[in-house]
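Below is one structure; the comments refer to it alone.
Nothing in this text is a laboratory measurement; each read-out follows from the coordinates by a stated rule. Worth saying up front: this structure is predicted, and the values here are computed from it rather than measured. No Cβ is skipped: glycine too gets one built from the backbone with ideal geometry, and neighbour counts run over all protein chains shown.
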Amino acid sequence: MTPLLKGTVVLVQKNSLHFNAHSAAQKFRGFIESVIDAPDDIDDSILDTVDSFLSNSVALRLISASNSDENGQGKVGKQTFLEGVLTSIPTLEDKQTAFNILFEWDHNMGIPGAFYIENFKQDEFFLVSLTLEDVPKHGNLNFVCNSWVYNVEKYKTERIFFTNKTYIPNETPFPLVYYIHEELKTLRGDGTGERQVWERIYDYDVYNDLGEPDKDDTLARPILGGSSTLPYPRRGRTGRKPTEKDPKSESRSGYFYIPRDELLGHVESSDFLVDVFKLVSQNVIPQVRSLDQPEFNTFEDVLSLFYGESSNFSVPKVIQVDHSAWMTDEEFAREMIAGVNPNVIEKLSEFPPESKVDRQLYGDNTTTITKEQLEANMDGVNVEQAIQNNRLYILDHYDSLFPFLRKINATGAKAYATRTILFLQDDGTLKPLAIELSIPHPKGDIFGPVSKVYLPATEGVEASIWLLAKAYVVVNDSCYHQLISHWLHTHAVVEPFIIATNRHLSVVHPIHKLLLPHYRNTMNINAGARNTLISAAGIIESTYLLGKYTMEMSAVVYKDWVFTQAGLPTDLIKRGVAVKDASSPYGLRLLIEDYPYAVDGLEIWAAIKSWVEEYVNFYYKSDATIVHDSQLQAFWKEVVEVGHGDLKNATWWFKMQTRAELIEACSILIWIASTLHASVNFGQYPYGGYIVNRPTKSRRFMPEEGSPEYEELAKDYEKAYLSTITPKNETLLNMTVMEVLSTHVSDEQYLGHRIEGDLWTSDSQPIEAYKRFGTKLAEIEKKLIERNNDETLRNRYGPVKMPYTILYPSSEAGLTFRGIPNSISI
């Protein structure tokens with residue numbers, strides 16, 4: 001009698017995953033529900049039952065990792081079907097069902113290393129895992145699957161899953177090599193045809209689907225990527241047909257393909273954000289535009305959104321303690337190092353600061369700020385001394401914005417390019433010294449800008465003018481944050497790595513296993529963003545200053561993106577806010593010692609780097625193993641030459657010839673996907689939910705003395721301020737979206753945790769190393785809590801009394817202003 005191998009299959013039925021748009025609306029009360037008519041709850045019809053998985057509906061065949069057939073391929077066992085349901089497994093999670101299965105497996109077959117699965121049912125299901133018990137000469141074997149399995153007729157090749165063992169290519173058991181090669185070939189596809197919902201193909205395309213020229217000429221948008229003029233990271237290819245008016249642009253539909261396993265609909269909240277975006281885009285934006293609501297006239301009108309019987313929104317943290325502390329110069333400056341966009345400020349190394357705007361096209365863009373204007377408020381220190389002692393800093397929103405200003409202002413916006421210079425005081429806080437507002441010359445670009453400098457004031461109309469000057473700065477910072485710091489420098493730049501990983505690194509490859517948690521749901525959320533957030537007339541264009549030029553400007557900024565400078569230590573040095581110092585923690589000395597983002601971030605960076613170093617060195621014993629890893633080399637080559645192909649000629653790319661390069665590259669990628677994204681994402685509503693603190697639009701220029709606007713400012717500065725910044729309808733829409741973006745979902749996976757538990761690899765040393773990484777993060781969190789209790793560190797809480805908690809690694813679900821998820825999942 002042929003010996004039997006006992007196994008347990010865990011899966012999730014499709015019918016248990018119902019998640020309709022109304023439930024999304026219910027989760028986000030307030031504005032969505034007050035504006036749109038959400039559909040009624042739909043009664044779930046039971047389309048699937050547990051019994052339907054039995055009676056020859058799902059078949060598996062084991063594949064040997066140790067014994068080959070005559071073709072050198074691992075031997076394939078007999079087809080075996082699911083048997084009875086198991087009800088006594090304590091590790092089963094919500095909605096999971098376990099089935100018993102018995103495989104005929106002779107000792108001549110060796111040790112299983114993979115299995116085929118066939119679904120003969122009409123509906124797909126989510127396969128969680130297969131566990132084999134008491135495999136001879138081995139013990140238990142685990143197969144972590146986490147994949148959708150459709151009807152067998154949907155696939156051109158067989159669905160295959162591999163054990164949780166980890167191998168670099170030249171150590172992979174030979175009987176599995178063929179199967180690994182074929183699976184990667186399937187995932188790469190052939191680059192043709194329109195992708196279907198059940199497919200798992202990863203391929204590249206340019207951003208040619210943001211516009212809808214067939215719908216309206218005003219909705220046409222330039223193609224991003226594939227040119228030196230507008231370079232861009234690649235996104236996942238969908239293969240939809242071209243538009244009629246522009247054959248190079250891709251038509252849009254309600255369905256945006258992403259590889260099926262990137263759409264993690266097996267957990268209810270995974271697709272929640274995309275569903276809310278659809279609600280907002282399809283229902284809220286049109287109805288908001290049609291609303292005729294009275295504008296805000298006072299700050300109290302804005303506060304009424306949060307307080308009182310008609311309040312619809314959570315109270316943003318920035319006003320939970322003090323409603324007016326946001327107006328102070330100290331808070332204005334503090335948010336540059338502890339706010340939602342804390343990685344833009346730079347040290348001023350020379351005066352005047354150099355502009356990189358093309359002089360031949362835009363004239364002389366040298367600042368008009370003078371030393372005398374700065375020194376009037378520098379406590380007796382002159383500019384030369386301040387530069388020498390690292391005490392002058394700049395928030396520069398000039399060079400990236402100025403070339404677009406004439407076009408932006410022609411749309412009805414009233415925008416300035418801005419430079420803000422700050423002084424580091426003896427108490428460690430920053431003090432703004434001067435703000436320069438610049439617009440294009442009315443005679444033409446070649447004549448350079450028309451600029452005016454504004455200085456701090458605390459009384460009279462001058463104080464109101466100064467408050468408005470700060471608002472123009474924050475509008476630019478809000479746009480740069482949403483477009484560059486948040487979208488481009490996290491979401492967009494990571495997607496090519498996800499695609500290349502799945503095309504070239506097999507699931508048994510150690511780097512695939514290392515990076516996988518940091519990719520979770522990113523392609524899904526990016527596709528949702530292309531559909532509703534960054535599309536023509538979408539949420540970002542509707543609520544931020546740049547309008548139709550939003551994405552075009554991000555492509556220009558991408559020209560200067562450098563992957564090797566995206567890790568925190570290198571970024572701090574590049575911006576001049578830190579210097580190398582072997583005697584300082586992590587080899588860096590911060591020039592702004594009380595810099596919450598940098599101080600906390602360096603702790604997290606060091607923990608990530610230590611974990612990655614230990615992991616990489618476990619699998620790669622020498623630099624030669626890096627060079628000879630064919631999958632790794634193919635992955636990196638494609639990232640550089642295709643995924644980020646518009647920058648392929650840059651000399652700064654790692655050559656991927658050493659362990660040190662691999663460690664740094666993986667650390668940077670994990671940093672971007674986890675900590676960097678968290679730092680610029682989860683503070684959006686806590687800081688920006690109160691629109692007067694972080695306005696997103698400016699619709700009037702600075703009032704000139706003698707004008708009616710100037711008289712209004714002198715008489716009623718609150719009304720003048722609110723008439724200048726984001727109008728009410730856009731404010732409500734923006735707040736709704738920011739609240740969604742700033743909220744952790746219930747199934748979030750945080751840094752130091754994995755969805756597979758300890759089963760992601762069979763190697764005990766990496767598992768123990770990962771546990772130490774999680775323990776280290778918990779220790780860091782305790783240090784950050786202690787740091788926030790140190791009242792001498794004024795930048796950690798500021799006048800608004802808002803402790804800097806955003807880089808606490810852990811969080812509960814909800815709007816918490818803390819927590820570092822593994823990936824860009826929101």
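Figures for the structure shown
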read-out: Between region 346-367 and region 454-506, the Cα center-to-center distance that results, in Å; value: 20
read-out: Semi-axis lengths, Å, region 380-426, gyration tensor of Cα atoms, sqrt of 5 times eigenvalues; value: 33, 9, 7
read-out: Protection proxy ranking, peptides 227-237, 798-808, 615-625, average beta carbon neighbours within 10 Å, highest first; value: 798-808, 227-237, 615-625
read-out: At R0 = 60 Å, FRET efficiency that the Cβ-Cβ distance of Glu300 and Glu354 yields, to 0.05; value: 0.85
read-out: Burial ranking of peptide ranges 72-82, 540-550, 151-161 (average Cβ count within 10 Å, highest at the top); value: 540-550, 72-82, 151-161
read-out: For Ser129, distant residues with modelled amide H under 5 Å away; value: Val10, Cys145, Asn146
read-out: Dimensionless Rg/Rh of region 424-561 - Kirkwood Rh, Rg from C-alpha atoms; value: 1.13
read-out: Descending semi-axes in whole angstrom, ellipsoid equivalent of region 445-512, from the Cα gyration tensor; value: 47, 16, 7
read-out: Amide H partners (placed H, <5 Å) of Val135, local residues excluded; value: Asn140, Leu141
read-out: Mean separation of Cα contacts under 8 Å (6+ apart) over length of region 453-576, as relative contact order %; value: 21
read-out: Peptide ranges 593-604, 435-446, 110-121 listed from the most packed, as the mean C-beta count within 10 angstrom indicates; value: 593-604, 110-121, 435-446
read-out: Square roots of 5 times each gyration tensor eigenvalue, C-alpha, the chain, largest first, Å; value: 50, 29, 25
read-out: Acute angle (nearest 10 degrees) that the helix 659-671 long axis makes with the longest principal axis of the chain, alpha-carbon atoms; value: 70
read-out: On Cα atoms only, tilt of 174-188 relative to the major axis of the chain in degrees; value: 40
read-out: Degrees separating the helix 728-741 axis from the principal Cα axis of the chain, which is the longest one; value: 40
read-out: Rel. contact order, % - alpha carbon contacts under 8 angstrom, at least six apart, the chain; value: 15
